[in-house]
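Any read-out appearing in this document is the output of simple, stated calculations on the displayed coordinates, not a laboratory observation. Please read these numbers as outputs of a predicted model, since none were measured by experiment. Glycine also receives a Cβ, built like all others from the backbone with ideal geometry; neighbour counts cover every protein chain displayed.
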Amino acid sequence: MKGVAVTQARLTFDSVSKTFGSINALRSVSFEVAAGEAHGLVGENGAGKSTLLKSLCGVYLPSAGRIFINDKELQNNGPMTAQRAGVAMIHQELQHVPEMTVAQNLFLGRSLTRFGGLIVDRKRQEAIAAEVLVDLDPGIDPAARIGDLRVAQRQLVEIARALIDEAQIVAMDEPTSSLTPSEVDKLEVIIQRLRSKNVSVIYVSHRMDEIFRFCQTATIMRDGEVVDTVSLSNVTRDDVVARMVGRKLLHTVHTSHVTKEVLLEVKGLASEPEVKPCSFKLHRGEVLGIAGLVGAGRTELMRLIAGVDAPSAGQVIALGKPIPGGNVRAAINAGVGLVPEERKRDGIIPMRSIASNVTLPTLDNFSKFGVIQSSAIARDVDAQMRDLDLRPLDIERPIGDFSGGNQQKAIIGRWLISGVEVMLFDEPTRGVDVGAKAEIYALIEKLASQGKAIVVVSSEMPELLRLADRVLVMREGEISANLARDKMSEETIAQAAIPGTQSAVRKEEVA
Amino acid sequence: QELAPLNSDTEADRMDWSQLEARFGAFKAPKERTRVGGVSKTLANEYWRSLGEGYKAFADRHGVEVVYQAAQDEGDQLGQLAMAENLITQGYDALLFSPQTDVNLQPALEVATDKGIPVINVNDAVIPQVAHYVGNVQKDNGVRAANWMIKAYPEGGKLAIIEGQAGVFAAGQRTAGFTETIEANGKFEIVASVPANWSRELAYNAAATIMQQHPDLKGFYANNDGMALGVVEAVKSVDQLGKVAVIGTDGISDAYASIRAGELTGTIDSFPVLTGEIAMEVALRLVNGDDIPRVVATPQALITSDNIDVFASTGEALRKAILSQ
Amino acid sequence: MTIESVEPAPRAKLSFISSFRDAGVLIGLIVIFGIFALLSPSFMTGPNLLNVLQQSSINACIALGMTMVIISGGIDLSVGPTAALSAVITASLLVAGVPVPIALCVAIGVGLLTGLFNGILIAYAGLQPFIVTLGGLSLYRALSLIYTGGNPIFGLPKEFRSIFTSSMMGIPNPVIIVAVFAFLAWFVLNRTPFGEYVLAVGGNREAAHVAGVPVKRTLISVYMISGALAGVGALILTGRLGAAEPIMGNLWELDAIAASAIGGASLMGGRGSIVGTLMGAVILGGLRNGLTLMNVQAFYQLLATGIIIIVAMLIDRLAKGKA
Amino acid sequence: MTIESVEPAPRAKLSFISSFRDAGVLIGLIVIFGIFALLSPSFMTGPNLLNVLQQSSINACIALGMTMVIISGGIDLSVGPTAALSAVITASLLVAGVPVPIALCVAIGVGLLTGLFNGILIAYAGLQPFIVTLGGLSLYRALSLIYTGGNPIFGLPKEFRSIFTSSMMGIPNPVIIVAVFAFLAWFVLNRTPFGEYVLAVGGNREAAHVAGVPVKRTLISVYMISGALAGVGALILTGRLGAAEPIMGNLWELDAIAASAIGGASLMGGRGSIVGTLMGAVILGGLRNGLTLMNVQAFYQLLATGIIIIVAMLIDRLAKGKA
Ligand SMILES: Nc1ncnc2c1ncn2[C@@H]1O[C@H](COP(=O)(O)OP(=O)(O)OP(=O)(O)O)[C@@H](O)[C@H]1O
Ligand SMILES: Nc1ncnc2c1ncn2[C@@H]1O[C@H](COP(=O)(O)OP(=O)(O)OP(=O)(O)O)[C@@H](O)[C@H]1O
Ligand SMILES: [Mg+2]
Ligand SMILES: [Mg+2]
């Protein structure tokens, strides 16, 4: 191990392996995490990061190998024991009970009680919940049904979960995947505070900047194996990326393919109160970015355009023909496809194969006389997913068994194969590794060059700046700015996104 | 040869059980290793167990092997059919069916007929195509109960019926018999005629509700004894015992006990054990080639505290008691 | 941040839902009872309403356990036969002269055992609740039939029966007993950690597991509770009828599930309300009672039952509005 | 990249899984039939096995529709009464001299209508399948009782009966008919877009909606299919019995659900197999047949049924291994 100042190992993975049926998710993984250290864990989608952390916190039991906490072997049988051993985890896939309140979810499995464990002390739970949440998002009401919260807020609650019990090790699996920059800053503060209390943090993220901001050392994984553990002070971003991807990523520059032809026109589309009437035009070959703060209504707007939800007013016109509102089928037939933000809830059919999930909207195209041509599906989907570098490349395997990033690839593949003209990406690179991210960027540009029109909703400024020919900024359900590429900058976008500032544009300026 | 659809109550080609010996001579023991199969509705009801005892009692006396099977519950029509079919494949000399409904054993009957196996329909539902029926007249249960009410309350009054499962043959017939007789009389009013699905609990609840509404009720008629005993409890719970008459049907032992205890007013006993014996005798006589009429009527009697000791007997004693009616 | 503007939304929505959840059933209850009151004068009289409560009490008792099971994401089809088994065993002990208190414990004990059996197969063997308890449905029924040879057991001691036949301040004991258990169930579900476990396991089993909830123990417990309450139901009925029948409890499971569902429980798990379930049971009880009062002919009673179950659900749905 | 090395494995795994899903049931089937073969010599004879198939055919037919409904994440408790309604209406038409082909269509049409009714309440009013079809259970039963006044309808034309009583090459027509429908069901579920939709809706309704699956139409369709197959079951039974009864189909729903569940369908939706369901139906039919052949007394038959349902599920579980 080079350059890691191991004072005393808080956590030690000793040749930990995990197999799922025939897949080796982990192959004798070994590394150490020092006390009070923030330890990055990076790797491509499917590298085994989540599996490793789940093995640590007792959700999975390792097939082989041992885990030591403070040089004491962790006798792991279930999340309970791991919790008692001082391990807390923020899960990549949000894990909560929708029907229960924020506070109930925070204290689930370790409720605060009165009268010797007889009665749940709601008051105290909600008080403490409020305390913990205030640093993250004071807007989250501890008594609110968590199912009513926004993804981002739910993710903040997930983070809070890991903070309330005084853990020695906090494992964070892509905690910022749906957070906006300001919230990421808050997380940084929290991690600092944890370290000052000599708590160790394992931090999984596909965002290299966060890894380098938060962590001192990082372990690089690939295909279930540790490639190396490095001290981040003496390596560059590109080295790390190169090591995890196994090749060098070349930084491409933005190239525009915008044409004058309007493919999609949105006219006063609204669903009060989330989305006030919005209007804009989308041109062939254009990549339109949509920025905004959490809850600005971007996802809802996308859902309206794609016909997932019925609008309260307005209409969408594709290639001159208006699409009946709230009808996904019609939207698809009109050539509009949505890659939803919440993969697990709105994206995948977990127990069905990749092939089924990819072809679901286009089965008719794959059918002759109402009979599905499995061979055609096998051929096309396999080719498509090979293109997208699905790992493992097995289109018959249930999509639920794939890593988050690979699931995302399948959902994108769904629309590539359907040949829609307009693609709406809601947070397309959420939970996608740098390699795949670069591929998705390249892909989006390729699609644009092929004359498709693309909308990218993103909370990542760099992403928008990198991809968009034009950015619409949403604020409290309204389009507050329409910035051409030359006007686009972190500042202008942020200014238009944050309420109270006077940059609200009149509707006709938009489009 | 298509038989005319059988109506066990009105069929002309009939005889009374008591005439068997007189018309066909003493019973001749059947040939060696004769096997008779019986399929009935459910063993969860004492009536059908007693019927089986009757089969067995008579068969044992003459060294005949009996197999007695019953469906899992009174609603289990296909299960009963499967049983009947399976019995046929095992080659019995005669079959005794007590079908769940008029029709659910029809296919088995057809197969058996083709194979020349005599089939005797014993009680309750009547298979229209069946060549031989042994049993009481379902409707007569209700009629007898009604007549008792008419005798007991010459001045008439309010009555209520607790019915069995909706759509079940016996329930329908018994209710009809009671209702028609009562209405013919004219003095009474049937204030309620509601289903309790053979359930003691539902019968209790229904009775409680009815008495609630009609404190001046004169009596209940229940389609079976289980429900009647539920009604009795309801009557007790409002201290109306003796003031409200309760008459059941079947004559199970619990009913006898309740009558003895002065709680249940009466029950129409159709003497399941005796019926079983008669049915078995008919079956074996058919095997022996006797030309028995299509319907053999079995006895029925209204049991009350007055005559209970007479009918409590069994075997020969019981037969005498009934004949001396 | 947009927080300020976003915040109120969830709060409002929440209280809205939770208050409305039971309101829907309540409206259904009022409407249906209102109709009966119009059609049959004697329906809305004090004594008859007590009658309705008394006649609903057993189904309510069973439905309490059923609601917990349903909230946990399962179902218990074996409640009826469990009641029967518990009834016949208890009765035979009473007849044999075993003191009443012990017999009462046995009745509940039997329920706990069958529940334990169901629970283990579901939680540890990982079988589907529906099919496990469907097996139990036959199994426990068979056991009670074999145990009694199919005969009801009579001759129960007076002091036993009086527990369930007498009444306090004009309120029949069965009603009081069930009210007490209902309060307990409500308390357990809404105030204790166990209650939260049940909701969590039903709402999102994986999340519950990840959060360290003892999923298996929770599951086993709800089936044991359901069994125990079936035992209580058996006691009440045995006391009232003065006899324990091996065929007791036929189709109780459907009535109980209907009560829970009308009361707002989701058979997908994670949602359900004790108060709602009680109202559901009363709706069904009032339905039977009203139809009898109006002397509706058997076939039309069946018709009314079917229609009213669906109508009750529709009213509830409308009250809640599409969710 | 290791893709080359990874690829073959999962492929293998897949065929392994899907074959295994049914293998579990198959093993259960073999074990149970093996036991009966040992205990009763006449069980494994050709004629008797045909008997078993014939006796399983109606349940199998109903279970086909039930499996689709269950895969879609619902349940249909109203199949029995639907069959009854379809039977009595068809029979009355036949007796009135309506030509057989038309009558056959009517039988299925009635099933489609009740299914449509259930489906609309479930898909559009958003009511729970369990409670909707529970209402239907009473409703359709009541309708058929009222329609017939509770009496069976006799006197069906020979040519109608012969369709269901005769046999081809020694195989009873009912078995052949159900085999045909089973193949159709299998085909629809595994080879058509609609089948994918059913699986998707049951697997993740929201995601299916986002992917443009016509969720509501799919739901309505499965209930109509279930109703139609209930109509077919009604035809078979009416043909065999030579009469139609308003109380036909009592408890058919439980048998059908049991067959589907034994066949590997998950009552949470998204999973189920036609082949498995057929084997499930045969297990249940063989069970009954074997127990009768062995002349097991009714109570013990009930006992065996309960035990074997659970054992079959356990074997299936073990074969699959903990998932
Ligand atoms: N429950 C499971 N069953 C089968 N295979 C699984 C399961 N969970 C993970 N895998 C496989 O194990 C490998 C590692 O998955 P894991 O989720 O740990 O990757 P990851 O590094 O977290 O990827 P991502 O960055 O996309 O989250 C992948 O090939 C995945 O398909
Ligand atoms: N009608 C709806 N049905 C289901 N989920 C919805 C609906 N509207 C919004 N959501 C979910 O609520 C979350 C918030 O969406 P919204 O558009 O309000 O915020 P946003 O601008 O997308 O911000 P973010 O998605 O970053 O939270 C999204 O994850 C979306 O999936
Ligand atoms: Mg991961
Ligand atoms: Mg969004």
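For segment C:298-321, the residues whose backbone nitrogen is under 20 Å from a point 7 Å from the Cα of C:Leu39, taken along Cα to Cβ, are C:298-316.
Mean sequence separation of contacting Cα pairs (under 8 Å, at least six apart), scaled by the length of chain D, corresponds to a relative contact order of 36 percent.
Charge dipole (Cα centre; +1 on Lys/Arg Cβ, -1 on Asp/Glu Cβ; no other charges) of chain C amounts to roughly 100 debye. Cross-link partners for D:Lys158 among the aspartates and glutamates, with Cα-Cα distance under 16 Å and sequence neighbours closer than 8 places in the same chain left out: B:Glu2, B:Glu110. Placing +1 on the Cβ of every Lys and Arg and -1 on the Cβ of every Asp and Glu, with nothing else charged, gives segment A:351-419 a dipole about its Cα centre of roughly 60 debye.
Each copy carries D:Phe187; placing its label point 7 Å along the C-beta direction from Cα gives inter-copy distances of 6.3 nm, listed from smallest up.
For the pair A:Gln373 and A:Arg329, label points projected 7 Å from Cα toward Cβ lie 2.3 nm apart. Would you work out if chain A is rounded, prolate or oblate? Take a ≥ b ≥ c from the square roots of the eigenvalues of the alpha-carbon gyration tensor; rounded if a/c is under 1.5, else prolate when a/b is larger than b/c, oblate otherwise. Prolate. Distance between the C-alpha centers of segment C:23-38 and segment B:177-255? Whole Å please. Taking the Cα centre of segment B:177-255 as reference, the centre of segment C:23-38 is 30 Å away.
Listed from fewest to most Cβ neighbours within 10 Å, the set A:Cys278, A:Cys215, C:Cys105 follows the order C:Cys105, A:Cys215, A:Cys278. Which FRET efficiency value, to the nearest 0.05, is calculated for D:Phe187 and B:Ser305 with the Förster distance at 56 angstrom and r the Cβ-Cβ distance? E between D:Phe187 and B:Ser305, to the nearest 0.05, is 0.20.
Here the calculated FRET efficiency for B:Gln19 and D:Met169, from their Cβ-Cβ distance with R0 = 51 Å, stands at 0.50, rounded to the nearest 0.05.
Inter-chain Cβ neighbour count for B:82-92, averaged per residue, equals 5 (cutoff 10 Å, partner chain atoms only). Span-like helix check, chain D: qualifying full DSSP H segments, with Cα axial length of 27 Å or more and mean Kyte-Doolittle of 0.0 or more, are D:8-39, D:46-71, D:100-123, D:129-148, D:215-241, D:274-293, D:298-320.
Highest mean packing first, where packing is the average number of other Cβ atoms within 10 Å per residue, the peptides D:60-67, C:195-202, B:259-266 line up as D:60-67, C:195-202, B:259-266. Per residue, the average separation of C-alpha pairs within less than 8 Å and at least 6 apart gives chain A a relative contact order of 15 percent.
With the simple spin-label model, which puts each label point 7 Å out from Cα in the Cβ direction, the A:Thr252 to D:Ile120 separation comes to 5.3 nm.
Within segment D:89-117, what residues put their amide N at less than 17 Å from the label point 7 Å along the Cα-to-Cβ vector of D:Ile146? Residues D:89, D:114, D:117 fall inside that zone. Give me a single rounded figure for A:138-146: the average over its residues of other chain Cβ atoms within 10 Å of their Cβ. Across A:138-146, the average partner-chain Cβ count within 10 Å equals 5.
Full extension of the chain segment joining C:Lys216 with C:Ser162 gains 15.5 nm, where the gain is 0.36 nm per residue of separation less the Cα-Cα distance.
The ranking of A:Arg150, B:Arg49 by Cβ neighbour count inside 10 Å, starting from the fewest, reads A:Arg150, B:Arg49.
When only alpha carbons of segment D:52-322 are considered, Rg and Dmax amount to 18.3, 57 Å. For the pair B:Leu3 and A:Arg386, a Förster radius of 56 Å applied to the C-beta separation gives a FRET efficiency near 0.15, rounded to the nearest 0.05. Summing +1 for each Lys or Arg and -1 for each Asp or Glu among the other residues whose beta-carbon sits under 13 angstrom from that of B:Ala152 gives +3.
Sites listed here are chymotrypsin sites (Phe, Trp or Tyr not before Pro) in segment D:70-136 whose DSSP assignment is loop and whose Cβ has at most 16 other Cβ atoms within 10 Å: D:Tyr124. Of interest is the spacing of the C-alpha centroids, which for segment B:58-83 and segment C:175-228 amounts to 45 Å. Would you please state the base-10 log of I(q)/I(0) at q = 0.23 1/Å for segment A:352-413, with intensities from the Debye formula using one equal scatterer on every alpha carbon? One equal scatterer on each Cα of segment A:352-413 leads to -0.87. Neighbouring Cβ atoms from other chains, within 10 Å of the Cβ of residues in C:191-202, number 5 on average. Taken about its Cα centre, chain A carries a charge dipole of roughly 500 debye when the Cβ of each Lys and Arg holds +1 and the Cβ of each Asp and Glu holds -1.
Relative to the longest principal axis of the Cα atoms of chain B, the long axis of helix B:77-89 lies at roughly 20 degrees.
Across identical copies of the chain, C:Cys105 has label-point separations of 7.1 nm, listed in ascending order, with the point defined 7 angstrom from Cα along Cα→Cβ.
By the count of other C-beta atoms within 10 Å, a proxy for reagent exposure, B:His214, A:His39 are ordered fewest to most as B:His214, A:His39. Each part gets one Cα centre, and for segment A:473-499 versus segment A:348-368 those centres are 37 Å apart. The long axis of helix A:404-418 is offset from the longest Cα principal axis of chain A by roughly 20 degrees.
Taking every C-alpha pair closer than 8 Å and separated by at least 6 residues, the mean separation divided by the residue count of segment A:254-342 gives a relative contact order of 28 percent.
Within 14 Å, Cβ to Cβ, of D:Ile225, how many net charges do the neighbouring residues add up to if Lys/Arg are +1 and Asp/Glu are -1? It works out to a net charge of 0.
Between the helical axis of A:151-164 and the longest alpha-carbon principal axis of chain A there is an angle of about 10 degrees. Averaging 1/r over each pair of different alpha-carbon atoms in chain B and inverting the result gives 20.1 Å, the Kirkwood hydrodynamic radius. Sorted from closest to farthest, the other copies place their C:Pro41 label points 7.6 nm away, with each point set 7 Å from Cα along Cα→Cβ.
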